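All of the numbers you see were taken from the coordinates with simple rules; none came from a lab. The shown structure was predicted, so the numbers you read here are calculated from the model rather than taken from an experiment. Cβ: placed from backbone, ideal geometry, glycine included. Neighbour counts: every protein chain shown.
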Amino acid sequence: MTKTVNPNLMQSNTQLYRQADHIFPVTTVPPSPFKNLTFPLNVYAHALLLQEGKATYLHYGLFQGDNTSVQAAQQFSTDLLLARLPPSPCRILEVGIGLGTTFSLLNQRGYTVHGITPDAQQVAYIQKSMGADASVTCQSLEDFNAQPESFDVVLFQESAQHIEPMVIFNKALDLLPLSGDLLIIDEFALKYDETGISRRYLLKNMMTLAERFGFELVEHMDLSAMAAPALNHLLNMTAKYRQSLIKDLHLSDEHLDQLDESKRVSQKKYASGHYGYALLHFRKTKSPKWRLQILQKNQTPEMLNLFKKTFNHEMTPATWQWKYGSNPSREIGVWRENRLIAHYGGLSRKILFFGQPQTAVQIGDVMVDASERGVLLRKGPFFLMTATFLERYIGYGKPYLVGFGFPSERHMKIAERHGLYAEVGCLVEFSWNTRSRLPLRETRLQLIDREQTDFAAIAANQCWQRMATDLKESIIGVRDWQYLQYRYLNHPHQQYQVILVKNRFNGRARGILVLRYDPEGCEIVDLVTPLADIPLLITHARRLARIHGATRVFCHITENFATHFAATGGTQQAVNIHIPANAWSDGPTPETLKNHWWLMSGDKDFR
């Protein structure tokens, strides 16, 4: 059962500790002992040295009153963590070691403690002040390896905010025995309701993820009101000692201006309830049947093997590289007994969101091993990876504002039933007969290949800008020259015709036509053109289809844009492809997205 504590009822039990040798009197400020620390940690440490005569910690303090000193507030924060440790002997991994004060106190109390940090300057500082034999290593948590159940406690003192949450829980799961403790005190986001990427993880998602990894929440302390004054103290110190900080640390005014502005932004976020500060005490209660993990590049062969088993054909390493390696992407896998049994992928896509530049993610390669597909509960592999992906990556405050994809009917129904997806559109198919191969009087065609970069870039970008203007009330993936090159001209296997349609006499670009030929006919995979020129491009596609011996021309388009294609004649029919939207995490509501996407076959990653 989770224990909730009211911090206002607590009294400080701060004791006088013998501090490590890394506390310096004010009289020996120059040269600063903290000069080599990473910015802005060097600023925090040196400002504390100037203000209070010594610097012992780099984390926020928890203030119990207006007269509390920064040092006392920082010590009170550490005391909260120490009070939740099991008695020694006990093995502790401290992730993020700061100036080494907590590390020193743990050793003094008889704990066996090892500290890690990826910051070489912190390691050098601690080894200089405590001795070269101090049990600290320069490595990230991701790279840290130890025997299973090597520690009884894994402790994060304002360091979890810099580490991927799935890494935190995966490592803790391996390093802790059953009933082992995971302690985190840190700043979190309390809500996301704005576009842009938040610098803090969402607290509620952190607690939900812990449960998925087999951790019980023992205690949650809301310390926001006590931590918020730390920002004002930091601003006051950088203002008071500005010139000394610049001189002693060899900084510029711009450095401190940017730092101060970031703290003022944080102040506003605390005041508005967007940021908060919390102590989380988790306990490992079980080893889960399925384990979530971000897919690493060296695990690609496992993904390719699962793909082949699921879809009965191969994805080549070159295709994987084109999709995931050469493009900002995200992949989450689910493992069972060291075997990858599920995968959820996402490809970054620049979009115009009602005329505004944003970043979306195209969901793809969603698959679950056949032996695990019967588990369709909210704790099954499909739900675990989908919910985690949506919570971590899609919505307000996340890397991607919205997601889209072309799921199978089965996956769509499961996701809708669990409240993960909502339908916001569907594709329809238009098909036409071919037409005379005779050229049109007013326009002519020019084939574009990857060598024709100069003129093609200008023409393609002109066409895209006119199309974007027409679709400023819609949602559409960017179709500029850079995208056309990546998507069509640099595809490792598929062959496309990328054709510029332009005026015969003045050479003005009218549109870009992307065609693909297969046994079904000539497919219009993509169009980059103003809406008024869609009929012109379709006419040219029908001509080219006749020239290449195809029997028909067809294309897929979201139904909300069907009228622009219906004007050209042809036959319209439904196809069973529905467009999903994130219905799970905070972001633009499905209602605001419904029937606003422009999507064609080229927006898929598999056509």
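Helical content of the chain, expressed as a calculated mean residue ellipticity at 222 nm, amounts to -9500 deg cm²/dmol (DSSP H runs of 4 or more residues, -39,500 (n - 2.57) each, divided by residue number, nearest 500). Measuring nothing but alpha carbons in the chain and taking Rh as the Kirkwood radius, the Rg to Rh ratio lands at 1.06.
Helix 70-82 and the longest principal axis of the Cα set of the chain meet at an angle near 80°.
Sorting MET303, MET207 from the fewest to the most surrounding beta carbons within 10 angstrom yields MET207, MET303.
The relative contact order of region 267-352 comes to 28 percent, based on Cα pairs under 8 Å that sit 6 or more residues apart. Here the chain is assigned +1 on the Cβ of each Lys and Arg and -1 on the Cβ of each Asp and Glu. Its dipole about the Cα centre then comes out at about 1620 debye.
If you model region 154-306 as an ellipsoid using its alpha carbon gyration tensor, with each semi-axis the square root of five times an eigenvalue, the axes come out at 35, 20, 15 Å, biggest first. Protection proxy ranking of 510-520, 257-267, 45-55, by the mean of other Cβ atoms within 10 Å over each peptide's residues and highest first, is 45-55, 510-520, 257-267. Taking θ as phi - 60° and the Karplus parameters 6.51, -1.76 and 1.60, the scalar couplings of region 318-326 work out to 5, 5, 4, 4, 5, 7, 10, x, 9 Hz in sequence order, x denoting glycine and proline. Which part of region 354-374 falls in the paramagnetic zone of SER408, meaning amide N under 12 Å from the point 7 Å along Cα-to-beta-carbon? Output list for this probe position: 365-374. Taking amide hydrogens as placed 1.01 Å from N in the peptide plane, the amide H of TYR421 sits under 5 Å from those of GLU416, ALA583, each at least 5 positions away in sequence or on another chain.
For LEU99, the residues 5 or more places off, or on other chains, whose built amide H falls under 5 Å of its own are LEU58. Working from Cα pairs under 8 Å separated by at least six residues, relative contact order for the chain is 12 percent. Taking all Cα pairs closer than 8 Å and separated by 6 or more residues, the relative contact order of region 116-228 comes to 20 percent.
Label reach from ASP449 (point 7 Å along Cα→C-beta): in region 476-513, amide nitrogens under 14 Å belong to 489-490, 496-499. Rounded to the nearest Hz, the phi-derived 3J(HN,Hα) couplings of region 96-103 under the Karplus curve 6.51 cos²θ - 1.76 cosθ + 1.60 (θ = phi - 60°) are x, 10, x, 8, x, 5, 4, 4, where x marks glycine and proline. Note on HIS596, HIS162, HIS556: ascending count of other Cβ atoms within 10 Å places them as HIS162, HIS596, HIS556, the fewest first.
Among HIS59, HIS493, the ranking by other beta carbons within 10 Å of each residue's beta carbon, starting with the fewest, stands as HIS493, HIS59.
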